[in-house]
1. Rank Gln323, Pro1050, Leu295 by how far each Cα sits towards the positive end of the charge dipole of the chain (+1 on Lys, Arg Cβ; -1 on Asp, Glu Cβ) and give me just the farthest.
2. Excluding Ala591 itself, calculate the net charge of residues whose Cβ lies under 12 Å from the Cβ of Ala591, where each Lys or Arg counts +1 and each Asp or Glu counts -1.
3. Of all beta bridges DSSP finds with both residues in the chain, what is the antiparallel percent, to the nearest 5?
4. Plugging the Kirkwood radius over Cα pairs into Stokes-Einstein for the stretch 339-416, at a temperature of 4 °C and a viscosity of 1.567 mPa s, what D comes out in µm²/s?
5. Treating only the Cα positions of the stretch 71-194 as identical point scatterers, give the base-10 log of I(q)/I(0) from the Debye formula at each q in 0.11, 0.15, 0.19 Å⁻¹.
6. What's the ranking of 168-179, 129-140 by average number of surrounding C-beta atoms within 10 Å, highest first?
7. Normalising by the residue count of the stretch 692-1072, find the relative contact order in percent from Cα pairs under 8 Å and 6+ residues apart.
8. How about the stretch 921-1028: which GluC sites (Glu not before Pro) there are in a DSSP loop, with at most 10 other Cβ atoms within 10 Å of their Cβ?
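All of the numbers you see were taken from the coordinates with simple rules; none came from a lab. Treat the numbers as computed from the prediction; the structure is a model and nothing was measured. Quick reminder, even Gly has a Cβ in these numbers, built from the backbone with ideal geometry, and neighbours come from all protein chains shown.
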Amino acid sequence: MPYATPFLPAKICLDPPSPQSSEIRTLPELLEYNSRHNPEHLFCLQAKKRDKNVPYELISVTHLQLKRAVLQCSNWIVSNIPELELPRRQEDREVVKGRPVALFMESDVGLVIQLLSLLSLGIPAVLLSARLSPTAINHLLVQTSAATIIVSPRLSSTAETALSELIETGKVAPTYYAQPSYETFLNSEVDGVPSLSDSHNHYFNDLDRNVLILHSSGTTGLPKALYSSHRFLLGFAAAHEFTNQEEARGLAVSTLPLFHGYGLVTPFLSMGTGLPFCLPAPSIVPTGTSTVDLLEATKARSLLTVPSILEDISLLPDQGGIQALQNLAFVAFGGGPLKESVGNLLEKSGVKLLNHYGATEIGPLAPIFVPKPPYDWRYFKLRKDMPVEMVPVESAGEERQRYKLVAHPFGWTASFELQDHLVTDEKNPGTHFTALGRKDDLIVLATGEKIVPQILESLLSESKYVKEAIAFGQNQFEIGVIVEPSAPVDLADIDQFKSLIWPIIQEASKKMDSHAQISSKDAIIVAQPDKSFPRTDKGSVMRKEVYRVYGDEISKVYQDLEYHVVDGPLPSLRMDSLEQDLKNIIHANLAWRVGDAEWDINDDFFELGMNSLQATRLRRLLVGFIRGSGHPALEQKITREFVYQYPSISDMANELRRTSEQVINGHCDSDLDEIEMLQKQYSLQPSNIVSAAEGSVILLTGATGNLGAHLLACLVALPNVDRVICLNRPHDHAEVGKTSSHRLMDSCREKGAPISSEAWSKVEVIETNCTSQNLGLADLDYARFCGQVTHILHCAWPVDFKRGLSSFKLQFQTVNNLLNFTRDCHAARPMIRPRFMFISSIAVVGQYFSVHQTRIVPEAPMGDSRCTNGFGYGKAKLVCERIVENAAQSFPAEMEATSVRLGQIAGSSSGFSWNSNEHIPALIKSSQTIKALPLIKGTLSWLPVNIVAKAVTEILFDTRSLHTMYHVENPNRQSWYDVLETLRSELSVDGKDVPFLPLDEWAKKANDSEDGSPEDNPAKKLGSFFAEDFARMAGGSVVLETDNARMASPTLRGSDVLSEELLRNYVKAWKSKGFLM
């Protein structure tokens, strides 16, 4: 990830600072430092899910943007939370802090912003895990005396339940506030803001541990609040041993939740070292597939994750997951042990595994670094900057010496003894260790999630029917329990006994975290008299010995859970009512909290709050049904990731129908995959696809237009483009002394796409009539271009919505001539296959919703002409799309040909004037003339012209084979009302805001108005378009699917909505040019 200047890391103080020290003492000070010294360096990428047709977009946050967002968030906190108590000094100079603010939020960059805001204000923050049960939340709120709780919208149900229960017990509940979207803070501009470290006196002394309040799982089964200091948090920022700046470059993907200690490593390490990171969308439960997708989409150089995801990745087909890890600088794992078989496989495949280790009370004990031989992934390396003591532990009968670790956490005056027993690496004694087990009874699931089972065990043991209960589930995906009855139970009565204690287990589940549930009576083992629990001389149960004695029974539990998924008959799944049947299954079997009327078949399960245990159970239910369907081949299609891949009723139903039909008809996907594999293996591979790296020559039409000018500017800026040949229409009124090249250069500058003299040396301008034979070129020029051109980009098109279809015959001839030219380029150089791209329009699919009753238009050729708008412009574009498609199908060995449909193009993102000849500027101009704005419902998706140009260029040079169709439209939609309100404030007439009129009334008023000249009311010329087509096309009824385009274009993936400032700048530019008053 190249930067103009290297990242300048701050000098972090991990020792108690002296009063005169200039070293960084707190994270807010580090944030301030980076905003000044590393402002443009990337802090993180945040993946954001849009809808089922758009996997995610990537939002970038620099260190300066992070600082500004924290300031905006701080202002929001101070302005909106009256219960807030800022720190104050008493007469004796002692500082009194207010009550904490609790954060119960999803894991995204918004949590980081909120947390840093509270730290900068000097307000203690309680960081609550999103997986806590209402009982656990209440315990921590009471324990910390939190005054306020800020909650993510998707966690509101759990939070409201917790607060209601708290009130029922007679306690005062904290005030509830909904978390604003982090984009609210990131999109706000701040001018002249004081520095964070000076705006509030957030640092008081080094002994202040009332800064960030984390929590761990306490020995009572309820979480325990853990108070930490500023210096403790800086320990995360310094937890590395990078040997040079290059090792801290690139991007790290992290699947770790930010509300856990391990998850805080990545954001704080980014602040300390400049290592940027990427977070998955919070509504997506990370899986092996989704993690690999994110690694590939971001071109990341490292990964921080948990063992279960590494195992998922290792199991992906064709070693695709392992290949994605092989080139990473490091793959750090923590939160639980990695299976030996998985670790060995990854190590043999060349994956650079890094064992990470830490504890919530202490922070990271192992540094992040790039491992080099002979590093052994089975052992973590102790960091050198934290004082630790390794105390030998008596371990009779064991060959290897065990140790307990006693650490002195940063900012603590006392030491802390870790619960794990450790053994050292004999090759690196005293510096490298591995954990054998814990002194306490914590269960670590395969997901890295931790469970303290005392609530479950205690409630069961209190029953008169139960003597003892021991939970199990280490390295599994859910827990079970072994119950020792108070009186012997005959084998014939075991099911009855399970039913007897089942209500107790259900009661315990209400008090435990969502991942700590027992999903089925099959997860209960009833101990038999001949296998009583092993106990010590003092009578306490020896937990690990119990696991050993009942090893076979525990293994059988997890086998049974896969096969016996529901008590009684399996749920009904009928293909003709699959959607309703799936919904019924979820309500009946998953402890689903969302009411039937509150969601529909298109809603994302995980957006609604589905957890990993519920996803596992839903998969098992589907597998159970399929086993009874008589088609066992279908079972293998319901993989561990099936629910994550099809996370809605409609997606799941469609996939089940598709795969079921294939299996029943004897066309299983596995056969198709093998056919495709063999076809690919034995087919001749084309070696003649043009690569931008070879030095490309582009033939461009339409460079005098707004988009064409920006395309030209993008193309000549590419180092691998040798030349751009612009074919322009002959100029009717040539200025004396100006060549065609000078005219085009001036045109680009006027359109906000200036090109330097050095870049202009790549441009060749020829004025010609492309409808003529050989594009109107002289024979020598035509032959010369055939021997040079590698890409043809056809952007020229007359914008006139009143023309009929037959009046576009010259445009059809131009497309035909350009395609023949493309074939001639191949004939002149048979070793290349030139690329042809036609710029089309959303008008081709303007009636798609009317025909298909769905808003999302697939990125595919349009076979149904009824989907096209009724005016000639859209129909003519459709004709050209089909001409291009036919060429691609008829001459695949000679060319690659594609079309790109564009959505609404706005002015440049620099605020340069939006082309006043287009319909949106016409709408604004006429609104000022008739003194009224149209009230438009729905959402819009405008994309600045320079962003469109860059996206189109990236698609043109994509290294993969071209698709037949691409859509370039802003994947982020915003409210029409909000945009019009912003524009309205800039269009005041006589000091008054112009009123809103319903769109049909506005269109009639504009059409009937006689005020001013035609130039004052340009919308009148487009009367039928505004009356008949505009609302449908512009309000969200037609949404272009952009999967293909976003895959090829990083720019499109990283696009955002238009800011208020940019909208105001458009108006200012129109006014400066005299277009608006």
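1. Pro1050
2. On the way: positive: Lys510, Arg593, Arg617; negative: none.
Result for the neighbourhood of Ala591: +3.
3. On the way: 46 of 118 bridges.
Taking every DSSP beta bridge with both residues in the chain, the antiparallel ones total about 40 percent.
4. Numbers: Rh = 14.7 Å.
Approximately 88 µm²/s, per Stokes-Einstein.
5. Values, matching the q order: -0.39, -0.70, -1.04.
6. Numbers: 168-179: 14.2, 129-140: 22.4.
Result, highest mean first: 129-140, 168-179.
7. Details: 712 pairs, mean separation 65.9, N = 381.
In percent, rounded to a whole number, it is 17.
8. Numbers: sites: Glu954, Glu969, Glu981, Glu986, Glu1001, Glu1010, Glu1015, Glu1028; in loops: Glu969, Glu1010, Glu1015.
Answer by residue number: Glu1010, Glu1015.
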